[in-house]
Structure formats: structure tokens, C-alpha cells
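What follows is a single structure, written as C-alpha cells, with notes after it.
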Amino acid sequence: MKALQYSALALGVVSAIAAAESNNDSTEVETMVITANRFEQTEASVLAATNIITRDDIDKLQAQSTTDVLKTLPGIEISQNGGRGQLATLFVRGHESRHVLVLVDGFRLVGSVTNAVDFNQVPLAQVERIEYIRGARASVHGSEAIAGVINIVTKSEFGDESKRVEIGAGSQGSFNTQVAANIAVGDKGQLKLAGGKEQTDGYNVHPVPGENDGDEHGFESTNATIAYEYQFNQRWSAYAVGRWYENFVQYDTDTSWEPVPTPRLTNSWLENSTLNANVEYRGNNWDSTFLAGYTRQKSKSAAEGFYPDGNDIEVEQTNLAWQNSIYLNEEWTLAGGLDWRQEKLPVYYSSSFENKDRKNTGVYAVALFERSRFTSELSARYDDDKIYGGHETWNVGLGYLLTDSIQVTASGGTAFKAPNFSQLYNDGFPNPNLNPEESKNIEFGANGEYSNLNWRIAAYESKIDELINCPFQIACSNIEGESRLRGLELETGFATWDVDHSIVLEFRDPQDSKGEQLVRRAKQVFKWRGEYAYQQWLFGANALYQSDRPDYDWSTASDVVLDSYATLDLTAAYKFTPKFVLEGKLGNVFNEEYQTAIGYPALGRSFFVSGRYEF
């Protein structure tokens with residue numbers, strides 16, 4: 001219970017200092033919101049490896065989905081069952097997709113039923129920036145943050161009155177239109193309106209010769225956002241956002257267990273409604289925020305000749321959070337807060353899941369110390385869950401500036417992943433006594449800048465115990481032994497002549513408890529992004545290489561190897577006026593044939609052309 005005691009002590013300090021807050025104005029320092037410790041701090045003071053992707057970065061990539069953005073980042077591998085709209089999951093530093101915490105505006109995406117987060121749930125048109133933190137952060141965020149945290153931010157900066165319209169079309173019958181507007185309401189208010197429609201005819205994402213020849217698996221998505229921010233005065237502000245989207249996707253249901261396996265065309269619908277709000281106080285040396293969020297997600301799938309009437313699932317998630325940060329002086333920052341979350345399954349096609357719910361309460365504390373060349377941070381958290389009970393996590397990080405431009409870092413800590421509803425209450429094979437998966441993590445790194453060159457190198461190791469195994473998706477249990485994931489990653493950015501480069505090199509050794517390479521995880525990865533600007537033109541290129549990876553073919557009940565592959569994407573944009581830009585993207589230029597999941601070929605050569613007008 002030490003973590004709980006430390007957290008309660010920090011919260012007490014928060015309250016005491018708030019009551020006796022100094023009237024002296026603190027020195028204004030340029031900061032950016034960082035997900036690492038859940039409070040504003042300078043990017044240089046964040047010891048964890050961090051990447052910030054802005055709206056401008058997204059536009060330059062000409063990304064059509066969130067996965068298009070994420071796959072360019074260090075440590076991330078994408079496994080996708082086909083093309084646009086199909087199930088897409090990710091691995092970070094070789095970790096399971098369920099070991100990555102994905103947030104939207106600080107609240108976790110609905111993922112209480114299954115292991116993976118489907119990134120089709122996040123319409124890219126609503127995204128203003130993405131904050132990506134590598135390494136264990138469970139001592140701040142709780143369950144799932146073993147390998148890292150991805151926070152997808154939809155809030156616009158106050159005072160931003162930009163408006164944009166974008167329309168595009170491309171191969172496979174793709175069409176996309178998006179509209180967004182930030183509108184000033186008086187001197188203290190700002191309204192944001194956004195919406196869009198996307199669709200594609202798709203292609204046969206799971207071809208079975210002689211069975212589903214000529215099939216196309218399409219995708220369609222509609223989204224809308226309305227947000228309002230009000231600045232009462234220099235200290236108090238309030239913000240509320242409502243988001244809605246509806247996705248429709250087609251795929252073939254796997255029936256490999258049948259005597260005569262036959263692909264069954266499946267239509268799937270997903271509707272998500274979210275309402276988030278917060279009230280924020282910014283003092284001279286104390287910031288405090290209260291947040292509340294509610295999400296309801298409904299989905300239905302209907303497979304021809306299998307379950308034609310479909311199965312209905314409805315999930316509800318409610319979040320409350322109180323976050324505080326105290327700037328004691330130029331050296332010390334303390335933070336702490338409370339989290340409360342309820343997950344409910346009021347409707348599920350299986351009676352063993354229906355009306356299930358669980359509540360989780362978490363309390364955490366963070367201490368950040370900066371003096372001259374030395375930086376340290378300590379965080380601790382205690383989670384109390386209705387199902388699995390209490391769990392403590394901690395993390396410590398150290399940083400030292402060897403020179404004015406080179407820093408070395410070291411960190412270590414613990415993290416965990418709580419079992420989900422599917423693992424706890426599977427039909428006919430429930431196991432409500434499953435333990436959380438636990439990890440011990442350590443990392444050493446260095447980063448620096450020289451002239452127009454910036455770089456970061458990191459070596460890490462993560463050991464995971466109590467892994468949950470569900471053979472054939474039933475009878476889940478904790479298994480003995482440790483999975484061990486080691487790796488070395490290097491990222492760098494530099495310019496040669498007029499070309500800007502960013503390069504990622506990764507060498508990994510992701511092993512399960514038997515010492516075998518984990519499925520769908522590569523040992524070597526290379527990524528390169530190049531940009532060249534000439535007058536009104538901007539040219540870009542993205543190259544990706546992944547070495548071979550093991551997988552398991554359920555249709556033949558055999559181990560297989562996914563071949564290594566390399567792809568190249570090209571982009572070009574021409575700015576006719578400061579407000580109007582015409583863009584074009586050619587994906588998989590050399591029409592590389594590859595798979596990131598066995599039986600699901602990736603999209604071949606494709607193109608997309610769009611125009612964007614800002615006013």
C-alpha cells in the first residue's frame with residue numbers, strides 16, 4: 001500500500017499549497033502538453049521517448065487514417081486485416097497490442113470487451129495532434145500502459161479561427177470529404193464544428209480461390225464533432241465536446257472450424273457517441289482540472305448463412321478524473337490526481353456477458369525535479385478494481401546533460417494489464433479469477449542535437465509475467481514463465497541540401513516464455529521520411545522495411561512465416577494560393593505483395609488526389 005500512501009500524501013500537499021498559493025507571478029515558460037505525466041511541462045524535461053505529431057504533419061503525410069500516421073513512428077508495427085477500414089491493431093516495441101494504452105483527449109478508448117483497439121474508431125479529420133510516449137507509464141495512467149501511451153487530441157487551440165474544406169478521391173472507388181471550422185463567439189468563447197464522409201469500394205481482403213472470387217470488401221464512415229470552449233478569465237476555463245461517428249465495413253468471417261470452410265460475407269456496423277467536458281483552473285503556481293467523459297458504443301455484425309440476423313453489442317464507459325500540478329519553484333513540480341472509471345455491457349449477444357460491469361479507482365502522484373544539468377522523476381499509483389482487486393505500480397527516471405546538447409537517461413518501473421470482459425466471462429469457459437498481466441521494465445538512452453541534426457537512441461528490456469492465454473479464444477488462463485522483449489532503437493532527423501530527412505532504425509528480440517519469436521513482430525525495422533520544398537511545391541517520400549515475422553494460420557493449424565517486405569509511398573502538393581492546396585499520393589509505388597496478417601494481402605499500388613481550401 002506504499003504507492004497509495006505516497007499518492008495520498010502528494011494530494012494532501014496539492015490541497016495545502018493551493019490553499020496558500022503565492023501571489024507572485026511565475027516566469028512564463030514555453031510549454032507543450034505532454035501525455036507522459038498528465039501535466040504541462042517543457043518537452044526537454046520529459047525523460048521518456050516522445051513524439052508529437054501536429055495537424056500540419058498529418059497534412060504533409062496526406063494520411064487517410066490514423067494508422068497511416070502511426071506506422072511512420074518509432075517502435076510501432078501495424079497489423080491489418082486488409083485495406084482501409086479493416087481491423088487494424090498495433091505493436092509497440094514488440095509488445096502485444098493490448099499493452100498499449102490509447103487515449104482520446106486523455107480518456108481511454110472503449111476496449112473493455114476485446115484485447116485490441118480498432119483505430120478505425122478514430123476519424124482522422126477530428127485529430128489536431130497525437131502525443132506518443134514510449135515505455136511503461138502505468139504508474140501515471142494505470143492498466144494497459146506497459147509499452148507506451150498514444151493520446152489522440154481533438155481539441156483546437158483557443159484563438160484558432162481556421163476553417164477548412166477538403167475533398168478527395170482515388171483508387172478502389174475511394175471518396176473523402178471533410179469540413180472543419182473554429183468560430184470565435186465573442187471575446188471569451190470558441191466553437192468548433194467538424195464533420196465528414198468517407199467511403200471506398202475496397203478489394204478482396206481475404207481471397208479464397210474458387211470460393212469468393214470477385215468479392216470486394218468496402219468501408220464507409222460518417223463523423224461529426226461539436227465543441228465549445230469558454231474562458232471565464234485568465235484563471236478559469238471550461239470545455240465540452242461531443243463526437244459521433246458511424247462506421248460500416250465488410251469482411252469475410254473465418255469458418256476454418258467447419259467441416260467445409262466457406263468464407264461468409266459479413267456486414268459490420270459500429271456507432272460511437274462520446275461527450276467529454278472539463279473545467280480548468282490555472283493559478284500562479286497551481287493548476288487543477290476536473291474531467292468527465294461518457295461514451296456509448298454500439299456494434300452489430302451479420303454474416304450470410306451463419307448468423308444472418310447479426311449479433312448486437314453495446315458498451316458504456318464513464319470516466320471521472322481530477323488532475324493537479326504544483327510548481328513549487330524552478331526545481332520542483334508535484335502532481336497528483338484521482339481517476340474513476342466504470343465499464344458496462346448492458347447489451348451483448350451472449351447472455352454470459354450481458355449486464356456485466358466493473359469499476360476502477362486509481363490514485364497517483366508524480367514528482368519532477370530539475371536542477372542545472374540533472375533531471376529526475378518519480379511516480380507511483382494504486383488501482384482498486386471491482387474484479388481483480390488492488391494493484392501498485394511505480395516508475396523512476398533520471399536524466400543528465402553531459403554537454404549543453406547531449407543528455408543521457410535511465411528509467412525503470414512496473415506496469416500491468418487488467419483482464420478484459422472476454423477473458424473473464426467467455427461463453428462456457430468463464431474465469432473471473434484471472435490475474436492482471438505484470439511487467440518489469442528498464443531503459444537506457446541518450447539524445448542530442450548538433451547543428452541541423454537531432455537524434456535519440458534507446459536500449460530497453462521488458463519482462464512480462466502472468467500472460468493471459470486463450471487457446472482458440474476460450475478457456476483463458478494465466479501462464480507460467482516470462483516473455484522477454486529487448487530492443488535497440490535509433491531515430492534521427494537532419495537535412496542534406498534542401499531535403500529534410502527522418503530515419504528510424506530498430507533491432508528487436510521479442511521472445512515468448514519459451515524463447516520463441518512472437519507472432520507478427522519483426523526483428524529489424526527501417527523507416528525513412530524525406531521532404532523537399534521548391535517554391536509552391538512540396539514533395540515527400542516514405543519508405544518502410546520489415547524483416548520476416550512468424551504467424552499462425554488457423555485455416556491449416558500450422559505455423560507460417562510472413563515474408564519481409566519493403567514499400568515506398570510518394571506525395572506531392574502544390575499551393576496555388578496561400579489558402580488552396582492540391583495534393584496527390586501514390587501508395588506502394590512498386591506494387592509490393594505482402595501481408596501483415598496471414599491470409600490478408602495488403603493493398604497494392606493505389607492513388608489518391610485531394611484539394612484543401614483554408615479560409
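Kindly provide the Kirkwood hydrodynamic radius of the range 110-233 in Å, to one decimal, from all pairs of distinct alpha carbon atoms.
Working: mean 1/r = 0.0558 Å⁻¹.
One decimal place: 17.9 Å for the Kirkwood radius.
Calculated FRET efficiency, D509 to D553, Cβ-Cβ distance, R0 = 25 Å: about 0.55 to the nearest 0.05.
Using the Cα gyration tensor of the range 570-615, with a ≥ b ≥ c the square roots of its eigenvalues, what is the shape: rounded (a/c below 1.5), prolate (a/b larger than b/c) or oblate (neither)?
On the way: a/c = 5.38, a/b = 3.08, b/c = 1.74.
Here the range 570-615 falls in the prolate category.
Counting only protein heavy atoms and a probe of 1.4 Å, the accessible surface of the range 479-615 is 58% carbon and sulfur. Taking the protein heavy atoms of the range 99-227 in the context of the full set of protein chains, the accessible area attributed to carbon and sulfur is 53 percent at 1.4 Å.
For W269, the solvent-accessible surface with a 1.4 Å probe is about 100 Å², rounded to the nearest 10.
Quick one: ranking V249, V347 by accessible area, 1.4 Å probe, largest first, what do you get? Could you put the intermediate results ahead of the total?
On the way: V249 20, V347 55 Å².
Putting V249, V347 in descending order of accessible area: V347, V249.
Under the rule a/c < 1.5 gives rounded, and otherwise a/b versus b/c splits prolate from oblate, where does the range 155-308 land using the Cα gyration tensor? In terms of gyration-tensor shape, prolate.
Derived scalar couplings between HN and Hα for the range 359-375 equal 10, 10, 10, x, 10, 9, 9, 9, 10, 10, 10, 10, 9, 6, 9, 10, 10 Hz in order, rounded to whole Hz, by the Karplus curve 6.51 cos²θ - 1.76 cosθ + 1.60 (θ = phi - 60°), x for Gly and Pro.
Measuring with a 1.4 angstrom probe and ignoring ligands and nucleic acids, H141 comes out at about 10 Å² accessible. Rounded to two decimals, the Cα-based Rg/Rh of the range 501-615, with Kirkwood Rh, is 1.12. For the chain, the mean residue ellipticity at 222 nm estimated from helices alone is -1500 deg cm²/dmol, where every DSSP H run of n ≥ 4 contributes -39500 (n - 2.57) and the total is divided by all residues, rounded to the nearest 500.
For the set L398, L603, solvent exposure ranked by accessible area (probe 1.4 Å, protein chains only) runs largest to smallest as L398, L603.
With charges only on Cβ, +1 for K and R and -1 for D and E, what is the dipole size of the chain about its Cα centre, in debye, rounded to 20?
Values: 53 positive and 84 negative charges, 170 e Å.
Here the size comes out at about 820 debye.
Rounded to the nearest 0.05, what FRET efficiency do R371 and L453 have when you use their Cβ-Cβ distance and R0 = 30 Å? Walk me through the numbers before you get to the answer.
Values: r = 28 Å, r/R0 = 0.92.
Computed FRET efficiency for R371 and L453 comes out at 0.60.
In the context of the full set of protein chains, the chain has a per residue accessible area of 45 Å² (1.4 Å probe). Taken along the Cα-to-beta-carbon direction at a fixed 7 Å, the label points for A292 and Y594 span 4.8 nm. Within the same chain, lysines fewer than 8 places from K575 are excluded, and of the rest, those with a Cα less than 18 Å from its Cα are K60, K163, K585. With the full set of protein chains in place, find how many percent of the accessible area of the range 349-469 is carbon and sulfur; take the probe as 1.4 Å. Here it works out to 52 percent. Here the range 127-199 and the range 548-615 have alpha carbon centers that stand 22 Å from each other.
The values are calculated or read from the model by the stated rules, or taken from the named source; none is laboratory data. Everything numeric here is computed off the predicted structure, so don't read it as measured data. Here Cβ is always computed from backbone atoms with ideal geometry, including for glycine, and neighbour counts include all displayed protein chains. The area values use the complete protein model at the heavy-atom level, side chains included, leaving out ligands, DNA and RNA. Shrake-Rupley method; radii C 1.70, N 1.55, O 1.52, S 1.80 Å.
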